[in-house]
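Q: Below are the structure tokens for one structure; questions will follow.
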Amino acid sequence: MKGITFDVIDPAKNGGRSCIMLAGKARPKFPDAAACEVPENVSGTTLYLLHAIAWPGPQVGSVKVTYRDGSADTFEVRGGREVGNWWGPVPRRSGEVVWTGENKKSEIGLYRSSHPIENKPVRSVTFRSTGVSVWGIVAASVGDGP
């Protein structure tokens, strides 16, 4: 997606699921958090997210990157800055619209945001919702660059 490779899960090979959807006021039964293990030998200076929100609010959630040495970094994801509404997407200050499509009523889209991390092997990534916006994470990738 514009220079960054994302491996999007094929729902046909994953029980009909292709992304992580986290709880918000409009969908309180979705999980509040999801953790993903990372294959060995993955390191870089940047964590890239391919994501969008529904029923936008200013505080979307947080991401915790845990490294193989046991240390961790956590950063906030903010609506209107790193990510925006999937319905009628528009670029954000730190979130570029990198995929668009259409449904019966509107253009839809996904955003790419980048977040600096330490350049050491990553063990896991945990996404946690604030419970305001519904947050959809389609993919994450680690690489080097802004």
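Q: Answer with yes or no whether S43 is within 18 Å of A23 (Cα to Cα), open to solvent by less than 60 Å² (accessible area, probe 1.4 Å) and touching a residue at least 60 places away in the same chain (Cβ under 8 Å). Give the steps one after another, and end with the answer.
A: Details: within 18 Å of A23 (Cα to Cα): no; open to solvent by less than 60 Å² (accessible area, probe 1.4 Å): yes; touching a residue at least 60 places away in the same chain (Cβ under 8 Å): yes.
No, not satisfied.
Q: State the number of residues belonging to the stretch 11-30 that are without any contact (Cβ under 8 Å) to a residue 24 or more places away in the chain and open to solvent by 70 Å² or more (accessible area, probe 1.4 Å).
A: Of the residues in the stretch 11-30, the ones without any contact (Cβ under 8 Å) to a residue 24 or more places away in the chain are 11-17, 29.
Going one step further and asking which of them are open to solvent by 70 Å² or more (accessible area, probe 1.4 Å), we end up with 12-13, 15, 17, 29.
Within the stretch 11-30, residues that are without any contact (Cβ under 8 Å) to a residue 24 or more places away in the chain and open to solvent by 70 Å² or more (accessible area, probe 1.4 Å) number 5.
Q: Among the residues of the stretch 14-26, are any part of a loop (DSSP other than H, G, I, E, B), in contact with a helix residue (DSSP H, G or I) (Cβ under 7 Å, 6 or more places away or on another chain) and basic (K, R)?
A: yes
Q: Here is a further query. Can you tell me how many residues within the stretch 91-119 are touching a Phe, Trp or Tyr at 6+ places or on another chain (Cβ under 7 Å) and charged (D, E, K, R)?
A: 4
The values are calculated or read from the model by the stated rules, or taken from the named source; none is laboratory data. The structure presented is a predicted model; accordingly, all values stated were derived computationally and were not measured. Neighbour counts run over all protein chains shown; Cβ positions are idealised from the backbone, glycine included. Only protein heavy atoms, including side chains, enter the accessible area calculation; ligands, DNA and RNA are left aside. Shrake-Rupley method; radii C 1.70, N 1.55, O 1.52, S 1.80 Å.
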